[in-house]
Amino acid sequence: MTQIERLAARGLATDTPSTPAATDTIVQARARRWHILVFLAPALLVYTALMIVPLAETLRLALFRRVDGLPVFVGFDNFHLLFFDARWSAHFWLALRNNFYFFALNMLLQNPIGIALAALLSLPKLRGRAFYRTAFFLPTMLSFVIVGFSWKLILSPLWGVAPTILAAVGLKGWFHPWLGQESSALTTLALISIWQYVGIPMMLIYAALLAIPEELTEAADLDGVTGFSQFWKIKLPLILPTIGICSILTFVGNFNAFDLIYTVQGALAGPNFSTDILGTFLFRTFFGNQLQLGDQNMGATIATAMFLIILAGVSAYLFGVQNRMRRYQL
């Protein structure tokens with residue numbers, strides 16, 4: 001480093017007179033930086049207590065097993081049991097397969113529907129825009145207990161309103177106990193989840209569409225690019241970063257899913273574990289259920305596996321997708 005670079009790094013560039021007053025100002029500014037720690041300390045303490053410490057304890061529990069009531073370090077033996085032992089692997093791989101199916105349905109339906117709704121809401125001539133925006137986003141604000149219990153009542157073959165509604169339009173033969181059949185229960189729950197959370201990608205993409213400068217759309221109108229062609233060629237590339245954020249939020253949310261399935265199908269994720277995902281499998285293993293005793297170490301092992309799956313997905317997005325999408329940002 002040259003002498004000039006050293007002076008510039010100290011805030012004393014050669015083209016600026018190095019007066020004592022300027023030097024004192026720089027020193028005082030640096031001395032006052034301690035207030036940054038004061039403002040960050042509460043958030044860091046809360047985040048450490050609620051996130052870092054539980055995560056570290058979970059990782060620690062995954063490496064131990066209780067033998068005669070005492071914790072014994074077993075390394076990665078718990079993961080070997082989870083992945084390969086017949087007592088655990090069958091339920092784990094079934095839950096993982098169901099989780100990927102649950103995520104795929106949400107990814108392929110929820111985000112495209114959110115994009116379509118956002119595009120419709122952004123139409124300048126649309127009337128009642130505020131009403132539609134509120135109506136689509138309202139289910140997101142409802143408690144998962146209310147949503148799960150309500151849909152369980154609606155789809156009940158005994159006292160639900162779904163058979164009556166289908167009969168009123170001449171489609172009673174289409175009704176089946178979708179939540180009671182192994183072939184359709186998980187798909188039904190995924191559709192309920194899509195109905196509840198489609199408002200999140202809709203609002204994010206709607207905000208991104210509103211942020212597009214009017215000069216771009218006006219120039220497109222002058223060039224004869226209007227309607228769907230304008231959205232496909234101009235607006236869609238500009239909102240790709242927002243779509244990427246919606247996709248990673250969908251991935252993280254679906255692989256952390258638990259509440260809806262637990263509310264509708266219970267901890268056993270029936271019928272016959274057909275709706276079992278990693279969240280319900282973790283709950284049964286850690287806390288126990290009916291005649292099954294809880295196993296904190298194996299539960300922590302499942303939680304660690306979930307963490308690693310989510311970490312791998314988020315890392316793949318951050319390092320493989322996000323960098324490519326930066327060129328589309330305004």
The listed residue being over 12 Å from Ile302 (Cα atoms) and at pLDDT 95 or above, out of Asn98, Asn111: Asn98
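Matching residues to (1) touching a residue at least 40 places away in the same chain (Cβ under 8 Å); (2) under 22 Å from Gly313 (Cα atoms); (3) within 17 Å of the chain's Cα centre (by Cα):
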position	(1), (2), (3)
Gly69	no, no, no
Asp77	no, no, no
Ala119	yes, no, no
Phe136	yes, no, no
Thr140	yes, no, yes
Trp151	yes, no, no
Any chance the range 214-221 includes a residue that's touching a residue at least 12 places away in the same chain (Cβ under 8 Å), more than 30 Å from Leu249 (Cα to Cα) and crowded, with 17+ Cβ neighbours inside 10 Å? yes
For the subset of the range 285-320 comprising residues that are over 25 Å from the mean Cα position of the chain (by Cα) and closer than 18 Å to Gly266 by Cα, which member is surrounded by the fewest Cβ atoms within 10 Å (Cβ to Cβ)? Leu291
All positions within the range 264-284 that are among the small types (Gly, Ala, Ser) and in a helix (DSSP H, G or I): Gly279
Just the residues that are of a type in the set (D, E, K, R) and either farther than 30 Å from Ser143 by Cβ or not assigned by TED's automatic domain parsing to the domain that holds Ala303 (or both), please, taken from the range 214-272. Glu214, Glu215, Glu218, Asp221, Asp223, Lys233, Lys235
Can you find a residue in the range 278-292 that is over 30 Å from Trp178 (Cα atoms) and modelled with pLDDT under 90? no
Tell me whether the range 318-330 contains one or more residues that are of a type in the set (Val, Ile, Thr) and either under 22 Å from Asn78 (Cβ atoms) or part of a helix (DSSP H, G or I) (or both). no
Looking only at the range 99-117, decide whether some residue is farther than 30 Å from Trp232 by Cα, in the same structural domain as Gly299 (by TED's automatic domain parsing) and either aromatic (Phe, Trp, Tyr) or touching a residue at least 40 places away in the same chain (Cβ under 8 Å) (or both). yes
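Here is a yes/no grid of residues against (1) in the same structural domain as Ser274 (by TED's automatic domain parsing); (2) in contact with a helix residue (DSSP H, G or I) (Cβ under 9 Å, 6 or more places away or on another chain); (3) polar (S, T, N, Q):
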| site | (1), (2), (3) |
| --- | --- |
| Val147 | yes, yes, no |
| Lys152 | yes, yes, no |
| Leu155 | yes, yes, no |
| Thr164 | yes, yes, yes |
| Gly170 | yes, no, no |
| His176 | yes, no, no |
| Glu182 | yes, no, no |
| Ala185 | yes, yes, no |
| Val198 | yes, yes, no |
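Okay, residues lined up against (1) surrounded by 11 or more Cβ atoms within 10 Å (Cβ to Cβ); (2) farther than 30 Å from Thr285 by Cα; (3) at pLDDT 90 or above; (4) in contact with a Ser or Thr (Cβ under 9 Å, 6 or more places away or on another chain):
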position: Thr23; (1), (2), (3), (4): yes, yes, no, no
position: Arg30; (1), (2), (3), (4): no, yes, no, no
position: Arg33; (1), (2), (3), (4): no, yes, no, no
position: Val38; (1), (2), (3), (4): no, yes, no, no
position: Pro42; (1), (2), (3), (4): no, yes, yes, no
position: Val53; (1), (2), (3), (4): yes, no, yes, no
position: Ala56; (1), (2), (3), (4): yes, no, yes, no
position: Pro71; (1), (2), (3), (4): yes, no, no, no
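The values are calculated or read from the model by the stated rules, or taken from the named source; none is laboratory data. These figures come from a predicted structure and were not determined experimentally. Using ideal geometry, Cβ is built from the backbone for each residue, glycine included, and neighbour counts are taken over all protein chains shown.
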